[in-house]
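Here's the structure, in structure tokens; my notes come after.
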Amino acid sequence: MASSRKLHCRGTARRAGAGTKVSRAPTLTDRIAARLAPLLPAHSSILIGLSGGVDSVALLHLLHQFAPRFSWQLSALHVHHGISPNADAWADFCIGLCAQHAIPLHIEHVDIAPLRKHGIEAAARKLRHAAFARQACDFVALAHHADDQAETLLLQLLRGAGVKGAAAMPVLSLMEPLAIRLSCQETPAESLVMSKRPLLADREDSPSLLRPLLHCSRQEILAYAAAHQLQWIEDESNADDSYPRNFLRHRVLPLLSEKFPAYRDTLTRSAQHFAEASELLDELAQQDAAQAIHDDTLAVAALQTLNQPRAKNLLRYFMHSIGAPMPQTVQLDDMLHQLCGAREDAAVCIAYGDWQVRRYQGRVYALRALGEFDRSLVLPWHGEAELDWPALAARLCFNQTQGVGISLVKLRHAPVTLRLRSGGETVRPNPHAATRTLKNLLQEHHVPPWQRDRLPLLYCGEELVCIPGVAVAAEYQASADEAGISLGLLY
């Protein structure tokens, strides 16, 4: 077949006249190379999300061809969910495939059990993206394609998603805040997903997501794999139409294709319209947030001055910006009503799922609901740089200082421990001040009420030395040029 095509081209050239060039339709390889070349600088490090299925195998094959031409450095990551009895065989297949192409591969084992209540597909996705966010690379390449785009839009619309949920997946995007949050923790998976704050300041170098196949259909990818005699594995769960995506793929979309053969293009176009609308709403929210959001809190007054649709848009933007899960429409309406309508001294707390939205001193806080804690907790400190503080699901950091903070010399007089508030504590915050009650100091420093009984208090023997972020006892303050430490909480 190849030789007859060459003869046909030569004959066409002769009829067209000497020197005439015959144009060739760009291949899938040509189209993807043309899209990626302007997006990825030379020497970029690209990590391929490799499941072993046909899509990711084709993606690895394509990028392996491009890498020498564009001076890209490739590696791969296979996430071992342990769900299928064939999971070990899939990992072995990926090991062999990457060895064949001399591409470094990392196998990441994850435990889906703690997140199973979110649904198997959602839990697996969260853990995969968290694994991607942990990798040291410039780009994470995923094998999403045009059929995935269409299926995702339909699923989102059936779930009642807004414009952000129905927006198209872009070819290039930033890592989701939740994935970054998950990747920056070292505690069990359940506490990872529900922790209050992402370490975004520490993850500015997190990789971007790249979807090179997004404009290719599933059929084109299968044709490419067949033409290059690629081998791949089949996940048996892909045939189970009890999963919503598989139901659409196997039973709904084939019917849709009979009447609307171009549905992939039209649904992708609609998703792009949603994406544009979402960008406009985000720009509006950014304008409203400029003076309203500070230190991961939102001014209630800003919500009260806006009409309801615009206030809801700002509240959604605020919650998304800190990585909080998005509430249902009814829940969001209730939040807005309570935040804006409750009396000023009311202790507003709206729970949804494992999260809470609270109001304190005219500010909105969104945080993971804090669980029970051991009120008798006492932790010794022996000079560690960090200690976990379970009462706040936080980490206590001990930072070295000079001439400020707590005197290290004075801390050697007795054992140093961290304790919880028991009531009646007092401290003198500076040499020229009177002794103050801890209760008054916490109020003056605007420590939210739900944190006051959970704060770590540093003691030297039986003397209260420090309340992180609030005060250091005058008797223990480091003098000029004296080595010291300061305490901070990392959520």
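The values are calculated or read from the model by the stated rules, or taken from the named source; none is laboratory data. None of these values were measured; they are calculated from a predicted model. We place every Cβ from the backbone using ideal geometry, glycine too, and count neighbours over all the protein chains shown.
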Query raised in the report: Does Ala302 satisfy the criteria of being in contact with a helix residue (DSSP H, G or I) (Cβ under 6 Å, 6 or more places away or on another chain) and surrounded by 17 or more Cβ atoms within 10 Å (Cβ to Cβ)?
Result: no
Requested in this report: Sort out which residues of the stretch 25-71 are outside any helix (DSSP H, G or I) and aliphatic (A, V, I, L, M), and write them in order of number.
Outcome: Ala25, Ala37, Leu39, Leu40, Ala42, Ile46, Leu47, Ile48, Leu50
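Results for (1) more than 21 Å from Glu283 (Cα to Cα); (2) assigned to a strand (DSSP E or B), shown as yes or no for each residue.
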| site | (1), (2) |
| --- | --- |
| Tyr317 | no, no |
| Ala347 | yes, no |
| Val357 | yes, yes |
| Ser376 | yes, no |
**Report entry** Options Asp334, Asp296: the member that is touching a Lys or Arg at 6+ places or on another chain (Cβ under 9 Å), over 30 Å from Arg218 (Cβ atoms) and among the acidic types (Asp, Glu)
**Finding:** Asp296
**Report entry** Exclusive hit being at pLDDT 95 or above and in the same structural domain as Phe318 (by TED's automatic domain parsing), set Val416, Val364
**Finding:** Val364
Report summary line: From the option list Ala131, Ala113, Ala91, single residue qualifying as farther than 30 Å from Tyr263 by Cβ and over 23 Å from the mean Cα position of the chain (by Cα) is Ala91
Report summary line: A careful count of residues in the stretch 417-451 that are of a type outside the set (Ser, Thr, Tyr) and exposed (fewer than 14 other Cβ atoms within 10 Å of the Cβ) gives 13
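Every residue, every condition in (1) polar (S, T, N, Q); (2) outside any helix (DSSP H, G or I); (3) under 20 Å from Lys164 (Cα atoms), yes or no:
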| residue | (1), (2), (3) |
| --- | --- |
| His250 | no, no, no |
| Thr268 | yes, no, yes |
| Gln291 | yes, yes, no |
| Lys312 | no, no, yes |
Query - Any chance Ala150 is in a helix (DSSP H, G or I), surrounded by fewer than 15 Cβ atoms within 10 Å (Cβ to Cβ) and over 16 Å from the mean Cα position of the chain (by Cα) - result: no
Query raised in the report: Does the stretch 404-439 hold any residues that are closer than 27 Å to Gly383 by Cβ, in a loop (DSSP other than H, G, I, E, B) and touching a helix residue (DSSP H, G or I) at 6+ places or on another chain (Cβ under 8 Å), and which are they?
Result: Leu420, Arg421, Glu425, Arg428, Pro429, Asn430, Pro431
Query - Of all residues making up the stretch 59-90, the number that are touching a helix residue (DSSP H, G or I) at 6+ places or on another chain (Cβ under 6 Å) and of a type in the set (Gly, Ala, Ser) - result: 1
Query raised in the report: In the stretch 77-100, how many residues are buried (at least 16 other Cβ atoms within 10 Å of the Cβ) and closer than 23 Å to Ala223 by Cβ?
Result: 3
